[in-house]
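Read-outs: derived from the displayed coordinates by stated rules, not from any lab. Note that the structure is predicted; figures quoted are calculated from it, not measured. As a convention, Cβ positions derive from the backbone with ideal geometry for all residues, glycine included, and neighbour counts pool all protein chains shown.
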Amino acid sequence: MVRFTRSALVAGAALGLLAAPALASDDENAQDTELSEGEKELAKLLEGRVAGEPQSCIRNFSTQRMRTIEDTAYVFGRGRTIYVQRTRDPESIDDDDVLVMQLWGSQICRLDQITTIDRFSGFFSGVVFFEDFVPYTRVDDDDSED
């Protein structure tokens, strides 16, 4: 149980969820630090996972899943390890936009050229600048019994 608590703290700290006002017990501070829907969705997705060392590139498999969490992040992969991409401007992440990536090789990298098109009209809607990808790996249940 100690390990799970530590991993939850690591994941929370990596998300920027743990701050002094957020731990305050009075209602006024709790209202000021309420999380957005996207942050809540990402926090739920990261439960039981530990943040790893940020990476500038990740492997691109044709079967790799990508999930868009509006105004928050893109999440790549599934299973034991997933990669969170917050971008330089996460507030502009919109699930009505489709990422168009010009990849060089078998990896997705932070310096790749990425644009977006509107899912419905097909028109250009923006440019995306990736940051490093942060891996989150699921903690095994047997490790948490230390």
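Excluding PHE124 itself, calculate the net charge of residues whose Cβ lies under 11 Å from the Cβ of PHE124, where each Lys or Arg counts +1 and each Asp or Glu counts -1. Walk me through the intermediate numbers first.
Working: positive: none; negative: ASP97, ASP118.
Result for the neighbourhood of PHE124: -2.
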Exercise. Counting pairs of alpha carbon atoms under 8 Å apart in space and at least six apart in sequence, what relative contact order in percent does the range 58-123 give?
Worked result: 28 percent
